[in-house]
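What follows is a set of notes on a single structure, which appears directly below.
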Amino acid sequence: MARHLVRGAAGFGALIGSVALIPVLGLVSLVLAPLGLLVLRGCPMCWMIGLAQTVSMGRLRRQCVDGRCELVRAPDSP
């Protein structure tokens with residue numbers, strides 16, 4: 001979990017920094033944008049979905065009855 005959050009902070013920091021530093025460094029700061037996307041492994045939305053999956057891991061289960069599937073809470077472990 002911590003590694004996922006560090007990756008997100010570095011990726012979003014690079015993306016935000018690439019735009020925020022334009023007045024200071026000019027267009028050279030846009031070099032940070034591809035670096036941010038590389039750290040996030042492609043797209044920011046995919047990172048957010050991965051975070052949601054990491055947080056909910058083991059808490060939800062898919063249950064299918066009579067051809068109808070739904071998400072239910074996993075039984076608590078003793």
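Placing unit charges on each Cβ (+1 for Lys and Arg, -1 for Asp and Glu) gives the chain a dipole about its Cα centre, and among I49, L27, C69 the Cα reaching farthest toward its positive end belongs to C69. Which label marks the calculated value of Kirkwood radius over Cα pairs in Å, given the options [x] 14.2; [y] 15.0; [z] 12.4? Working out Kirkwood radius over Cα pairs in Å from the coordinates points to [y].
For L21, no residue whose modelled amide H falls within less than 5 Å of its own remains once neighbours fewer than 5 places apart on the same chain are excluded. Of the trypsin sites (Lys or Arg not before Pro) found in the chain, those in coil by DSSP whose Cβ has at most 14 other Cβ atoms within 10 Å are R41, R59. Computed per residue of the chain from DSSP H runs no shorter than four, each worth -39500 (n - 2.57), the mean residue ellipticity at 222 nm is -17000 deg cm²/dmol.
A short reminder: the numbers here are calculations on the coordinates, not readings from a lab. Because the structure is predicted, anything quoted here is derived from the model rather than measured. Quick reminder, even Gly has a Cβ in these numbers, built from the backbone with ideal geometry, and neighbours come from all protein chains shown.
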